[in-house]
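Reviewing the structure listed below.
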Amino acid sequence: MLCANCGTEKATTGTGPCEGCAAAPANGAPPPGPPAPLPAAPAAPRSPVGLARAVTVLLGAVVVADVFSLFVSFRARGHWDDRVTEGFAAVPVEDLDLTDTLMTVSSTAYSAVFLATAVVFIAWFSRVRKNAGVFAPDLQRKGPGWAIGSWFVPIGNFWLPRGVAVDVWAASRRDPHGPDAREQEPHTVLTAWWTAWVVAALLGRHAVKRYAKAEEPGALLGALDQMIVADLLDIAAAALAILFVRALTRMQSDKAATLPFASTQPPAKSLGAGRM
């Protein structure tokens, strides 16, 4: 029977203390008590590679949807330009109806692709944020829940997610606490992607509202021109987002390979495989 006090030594009697615990009150020393638990091993980072590949494919689909939208916008602009310069009879009503149908299809297709991309991108974003909490938790100004919640804050979603991304990027550097960390791995691609995305989103929303309110050919042409610029910016934002996702995923893969548990923890080891 083990000691009822420390639980490690054999009791001197059936249910009593061991010799060490029994002698402790006599010499004024506190009983030894149970041994302190060993410190828990640090949580291993999980691989973002699979999610990064899925995001890359979906961002490519966004580019395709934008190209189709450009085609439809140029088609609509050509029709309305002909009506302005040559008269309303220059373009058959059937062609205008087909263009309107194509614009509806384009808008629906883009919305579906964008929604799917947003879901997978946020899942990837949450994964790399949790990994950043393993790499350098002291550099994270917001909790891991903000990697998801920041996207759903009205108005605030135009800058809050970028702050989370900057912290994740900082923690994923080779030496995040080094004096020249920013110079070695600057987040230029992050800033370029975020700027292009915000401008494209704001310009696109305004263009859609402007097109819906337009009642004359000149106003429609102006709205279509704005849509074309917004689509071009959105293509640039999608391309920069691919570069950002690949760069951050590669940084975390390289960093995970240097951690003490990289060779013993399967999740960390998988980060080094299939590097993007």
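The values are calculated or read from the model by the stated rules, or taken from the named source; none is laboratory data. Keep in mind it's a predicted model, so treat the numbers as computed, not measured. Because the Cβ atoms are built from the backbone with ideal geometry, glycine has one as well, and the counts that use them run over all protein chains shown. Heads up: the accessible areas ignore ligands, DNA and RNA and are worked out on the full protein's heavy atoms, side chains in. Shrake-Rupley method; radii C 1.70, N 1.55, O 1.52, S 1.80 Å.
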Quiz item: Considering only the stretch 136-168, how many residues are of a type in the set (A, V, I, L, M, F, W, C), out of contact with any Ser or Thr (no Cβ under 8 Å at 6 or more places or on another chain) and open to solvent by 70 Å² or more (accessible area, probe 1.4 Å)?
Solution: 4
Quiz item: Among the listed residues T104, T117, which satisfies the condition of being open to solvent by 70 Å² or more (accessible area, probe 1.4 Å) and of a type in the set (S, T, N, Q)?
Solution: T104
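Please work out if F125 is surrounded by 19 or more Cβ atoms within 10 Å (Cβ to Cβ) and either at pLDDT below 95 or in contact with a Cys (Cβ under 6 Å, 6 or more places away or on another chain) (or both). Reasoning before the result, please.
Values: surrounded by 19 or more Cβ atoms within 10 Å (Cβ to Cβ): yes; either at pLDDT below 95 or in contact with a Cys (Cβ under 6 Å, 6 or more places away or on another chain) (or both): no.
Taking the combined requirement at face value, the residue does not satisfy it.
Just the residues that are β-branched (V, I, T) and either under 20 Å from F68 (Cβ atoms) or more than 27 Å from the chain's Cα centre (by Cα) (or both), please, taken from the stretch 192-228. Reasoning before the result, please.
At the first step, the residues of the stretch 192-228 found to be β-branched (V, I, T) are 195, 198-199, 208, 228.
Across the stretch 192-228, the qualifying residues are V208, I228.
If you go through the stretch 212-225, how many residues are surrounded by fewer than 19 Cβ atoms within 10 Å (Cβ to Cβ), in contact with a helix residue (DSSP H, G or I) (Cβ under 6 Å, 6 or more places away or on another chain) and either in contact (Cβ under 8 Å) with a residue 12 or more places away in the chain or at positive phi (or both)? Reasoning before the result, please.
Within the stretch 212-225, the first condition is being surrounded by fewer than 19 Cβ atoms within 10 Å (Cβ to Cβ), and the residues that meet it are 212-219, 221-222, 225.
Next cut, in contact with a helix residue (DSSP H, G or I) (Cβ under 6 Å, 6 or more places away or on another chain) only: 214, 217, 221.
Filter once more, so that each one left must be either in contact (Cβ under 8 Å) with a residue 12 or more places away in the chain or at positive phi (or both): 217, 221.
Residues meeting the conditions: 2.
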Quiz item: Quick one: which helices (runs of 4 or more DSSP H) sit completely within the stretch 133-209 and have at least 3 residues that are out of contact with any Lys or Arg (no Cβ under 8 Å at 6 or more places or on another chain) and among the hydrophobic types (A, V, I, L, M, F, W, C)?
Solution: 160-171
Quiz prompt | Matching option when the condition is surrounded by fewer than 16 Cβ atoms within 10 Å (Cβ to Cβ) and at pLDDT 70 or above, among L59, L98 | solution = L98
Quiz item: With respect to V189, is the statement that it is of a type in the set (A, V, I, L, M), within 13 Å of the chain's Cα centre (by Cα), open to solvent by 20 Å² or more (accessible area, probe 1.4 Å) and modelled with pLDDT of 95 or more true?
Solution: no
Quiz item: Going through the stretch 226-242 one residue at a time, which ones are in contact with a Leu (Cβ under 7 Å, 6 or more places away or on another chain) and either touching a residue at least 60 places away in the same chain (Cβ under 8 Å) or buried (at least 20 other Cβ atoms within 10 Å of the Cβ) (or both)?
Solution: I228, A230, D231, L233, A238, A241, I242
Quiz prompt | Residue in the stretch 77-86 that is buried (at least 17 other Cβ atoms within 10 Å of the Cβ) and at pLDDT 85 or above present | solution = yes
Exercise. Tell me, please, whether a residue that is crowded, with 16+ Cβ neighbours inside 10 Å and over 27 Å from V199 (Cβ atoms) can be found in the stretch 172-179.
Key: yes
Quiz item: Does H177 satisfy the criteria of being within 19 Å of the chain's Cα centre (by Cα) and at pLDDT below 95?
Solution: no
